[in-house]
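The next block holds one structure in the form of structure tokens; read it before the comments.
The values are calculated or read from the model by the stated rules, or taken from the named source; none is laboratory data. As the structure is a computational prediction, the values presented were derived from the model and not from experiment. Cβ sites come from the backbone with ideal geometry, for glycine too, and all protein chains shown count toward neighbours.
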Amino acid sequence: MAAQDIATALRRLESVFRRRPGAGVHNDAAATAHWESGTRVITHHANGKQVLTDMPVEFGGSGDQVSPGWLLRAGFASCTATCIGMAAAAEGIELQSLEVQAHSRSDTRGVLGLTDADGEPVYAGPRDMQMVVKVSASGIDPHRLRALIEKSYRNSPVVCAVQDAVPVTLQIDIEAR
């Protein structure tokens, strides 16, 4: 879709949501994961798309697919890039290039439920994450571009979900077999 088409769509959405704020609240499409075997999982989207994950060989997986942790980083990078692209289109900025990298550092001991030397459980999630944005746009003041990227980053739903530690509830349904 062309930048002008994106800008028009965003203005239309903004107009609707300003008149009817409740129209912006919706249930997101569920991600439904089905265990295939071993450490292999297929996750389905309601539209029929699917993603196959597997763990690295060190965890007993095949290592031939991306890991669930990589999908988290991919979500960070992809969502942020999408938000930057939409904001640029809305402001009439033609991007020449845009690359977003998401890096993290984790302690694998946490996945195994191990404890540290002090007996405390090792945190299973990433200890930190870093985003690197590389962008070019001819004739655009670097300060304006930086402000657009920072605002887009703050508006990225995936980034917000993790930074703001969205509460997660767990429901367990055990099927009788």
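Look at segment 165-177: where a residue is within 20 Å of A30 (Cα to Cα) and a partner is modelled with pLDDT of 90 or more and not acidic (D, E), sitting 6+ places away or on another chain with Cβ atoms under 9 Å, you get V166/C160. Within segment 21-60, restricting attention to residues that are farther than 25 Å from L10 by Cβ and of a type in the set (D, E, K, R), the residue that is modelled with the lowest pLDDT is E58.
Among the residues of segment 125-177, those that are out of contact with any strand residue (DSSP E or B) (no Cβ under 7 Å at 6 or more places or on another chain), over 30 Å from T115 (Cα atoms) and charged (D, E, K, R) comprise D141, R144, R146, E150, K151, R154, E175, R177. Listed by first and then second residue, the pairs linking a residue in segment 80-105 that is closer than 21 Å to C160 by Cα to a residue that is exposed (fewer than 13 other Cβ atoms within 10 Å of the Cβ) and among the acidic types (D, E), with Cβ atoms under 7 Å apart and 6 or more places separating them unless they lie on different chains, are S104/D128; R105/D128.
Within segment 69-101, restricting attention to residues that are over 11 Å from A137 (Cα atoms) and of a type in the set (V, I, T), the residue that is nearest to the chain's Cα centre (by Cα) is T80. The set of residues from segment 1-17 being of a type in the set (A, V, I, L, M, F, W, C), surrounded by fewer than 14 Cβ atoms within 10 Å (Cβ to Cβ) and assigned to a helix (DSSP H, G or I) comprises L13, V16, F17.
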